[in-house]
1. Cβ-Cβ under 8 Å, sequence separation 6+ or interchain: first residue in region 197-225 and assigned by TED's automatic domain parsing to the domain that holds Val185, partner among the small types (Gly, Ala, Ser) and exposed (fewer than 15 other Cβ atoms within 10 Å of the Cβ). Which pairs?
2. What are the pairs, 6+ residues apart or on separate chains, where a residue within region 263-281 that is touching a residue at least 12 places away in the same chain (Cβ under 8 Å) has its Cβ under 8 Å from a residue that is part of a helix (DSSP H, G or I) and among the polar types (S, T, N, Q)?
3. Evaluate the following for Lys215: is it in contact with a Ser or Thr (Cβ under 6 Å, 6 or more places away or on another chain) and over 30 Å from Ala383 (Cα atoms)?
4. Conditions: (1) among the small types (Gly, Ala, Ser); (2) crowded, with 18+ Cβ neighbours inside 10 Å; (3) under 30 Å from Lys2 (Cα atoms); (4) modelled with pLDDT of 95 or more. Ser118 meets all but one. Number of the miss?
5. Here are the criteria: (1) within 16 Å of Glu164 (Cα to Cα); (2) assigned to a strand (DSSP E or B). Tell me which single one Gln214 does not satisfy.
6. Can you tell me which residue in region 373-393 is farthest from the chain's Cα centre (by Cα), limited to those that are crowded, with 24+ Cβ neighbours inside 10 Å and under 20 Å from Asp191 (Cβ atoms)?
7. Looking only at region 294-315, how many residues end up being hydrophobic (A, V, I, L, M, F, W, C) and surrounded by fewer than 16 Cβ atoms within 10 Å (Cβ to Cβ)?
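The values are calculated or read from the model by the stated rules, or taken from the named source; none is laboratory data. Since the model is a prediction, treat every value here as computed from it, not as a measurement. Here the Cβ positions follow ideal geometry from the backbone for every residue, glycine too, while neighbour counts run over all protein chains shown.
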Amino acid sequence: MKKGRSFGESLNRQKKGGKGLAVFMLAMLLVLSACSSGNGDNAKHANSGNSTSREVSTGDDSSSDSTPKRDMSMEVEKDISLSEEPIREKGGGKRGYSNSDREVQAGQLTAGEWDDLSAWERFGNLLNSQEGDNSKRLWQFWNFHRLEVIVTASGNAVSDADVELLADGQSVWKARTNTEGRAFVYASLFDRDSANNGSFVVKVQSDQDSKTTQKLDIPEQGSVKVDLGKGAKLSDQVDLMFVVDTTGSMEDELNYLEAELKDVVNRVSREHANQLGIRISANFYRDRYDDYVVKPYPFTTDVSEVIDLFSKQKAAGGGDFPEAVDEALHDALYEHKWSKEARARLLFLVLDAPPHDEEQVIDDIKKLTKEAAAQGIRIIPVASSGVSVDTEYLMRFMATTTGGTYLFLTDDSGIGGSHLEPAVGEFEVKLLNDLLVEVINRYVQE
């Protein structure tokens with residue numbers, strides 16, 4: 001098990017794994033070199049490090065709240081040596097062993113997972129830290145007043161039920177239940193000055209059955225159970241979408257990510273071929289003024305077609321740190337035909353940079369997050385090398401509010417640039433392809 005960054009570690013986290021003053025000086029030279037050459041995207045990882053000097057205080061990590069309530073430590077099928085981190089040169093590869101020397105195949109990238117929904121008190125402490133507060137202000141996710149809604153029918157979980165939070169008859173937040181019958185609604189996520197003193201009701205509908213609760217107080221209520229007369233049959237449909245950043249800064253890991261994603265698509269399709277109807281969509285994006293901003297492809301059941309799309313992608317463009325994340329998500333949500341009824345709708349957002357922190361873009365990101373939750377599309381980020389602190393928080397905000405979970409690559413593979421240690425408790429390092437398959441299986445299981 002490994003532990004993410006905590007109080008007092010933010011100032012030192014660049015030193016871990018043998019990186020000290022020499023790496024700092026190298027980073028400065030890279031920044032100066034990038035500025036003089038005008039190649040902004042090559043300086044992306046260096047720019048992202050500006051956010052890593054802030055201090056985090058989340059309380060005592062040794063408390064019971066520091067680890068998720070559900071089991072986050074399933075056994076690793078393949079052996080990964082974690083005894084000592086390798087010392088890394090420029091680009092994050094092992095010293096004396098370049099990434100180009102490796103055969104690009106699945107089962108090399110390493111990753112961890114953190115589910116803030118299962119460690120909610122710790123997440124609240126994190127948001128009250130200086131680091132968390134700064135990111136809330138930047139992205140304007142203000143109040144995480146959450147209500148967990150558990151929907152059953154005769155004691156059995158109801159999947160994909162519509163759950164709506166209302167205040168004075170006005171819709172505040174919409175979501176859909178997962179296979180456990182759970183959904184999460186938020187009272188005033190984007191209201192900066194909301195005191196949240198109002199009363200709310202929750203309306204739940206599944207097929208033709210509908211029920212509305214009595215008035216509730218949030219966040220004091222915490223959770224509410226709603227039992228319907230009967231629930232709709234559990235759908236066999238599963239929608240999987242991969243939205244991948246293909247700008248120049250992704251070059252250090254993109255080929256490996258493609259190999260991992262191809263393996264995941266193959267394994268999941270084979271494993272559930274006779275039980276589930278799986279549709280897959282692969283989408284790629286860059287930034288404004290590149291040769292393309294979004295390169296979308298519709299959902300398909302043809303696995304070989306999706307694998308071929310991954311194989312054709314190359315990293316290029318960018319030019320500055322932020323990318324067109326908002327435009328990629330807009331296309332993903334509004335320009336694709338997601339299943340109206342589904343067991344799971346999962347959107348894997350693979351990236352190393354945030355959207356532009358412009359007012360209009362931030363407003364769009366908030367609207368897109370709310371829309372994803374309403375459609376029952378769970379955003380699951382896969383944070384790659386170069387991710388900044390603010391990017392980590394935004395991804396965790398979006399995962400949490402759509403019922404997703406946060407995945408992040410780690411330095412243990414020796415591939416790619418340096419990976420930010422997330423502000424989480426103990427987690428297990430796994431092979432990325434195994435972890436992705438595990439996560440998908442968790443969301444589709446009955």
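1. Lys203/Ser210; Val204/Ser210; Asp209/Gly229; Lys215/Ser199; Leu216/Ser199; Asp217/Ser199
2. Asp263/Asn433; Val264/Asn433; Arg267/Asn433; Val268/Asn441; Glu271/Asn441; Ile278/Ser269; Ile280/Ser269
3. Answer is yes for this residue.
4. Only one criterion in (1) among the small types (Gly, Ala, Ser); (2) crowded, with 18+ Cβ neighbours inside 10 Å; (3) under 30 Å from Lys2 (Cα atoms); (4) modelled with pLDDT of 95 or more is unmet by Ser118, namely (2).
5. The one condition Gln214 does not meet is (2).
6. It comes out as Ala373.
7. Keep residues of region 294-315 that are hydrophobic (A, V, I, L, M, F, W, C), which gives 294, 299, 303, 306-307, 309-310, 315.
Going one step further and asking which of them are surrounded by fewer than 16 Cβ atoms within 10 Å (Cβ to Cβ), we end up with none.
Result for region 294-315: 0.
One line per residue, one yes/no per condition, for (1) in contact with a strand residue (DSSP E or B) (Cβ under 6 Å, 6 or more places away or on another chain); (2) modelled with pLDDT of 95 or more; (3) more than 28 Å from Ala353 (Cα to Cα):
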| site | (1), (2), (3) |
| --- | --- |
| Lys230 | yes, no, yes |
| Asp236 | yes, yes, yes |
| Val264 | no, yes, no |
| Leu276 | yes, yes, yes |
| Ile280 | yes, yes, no |
| Tyr285 | yes, yes, no |
| Val294 | yes, yes, no |
| Lys312 | no, no, no |
| Ala315 | no, no, no |
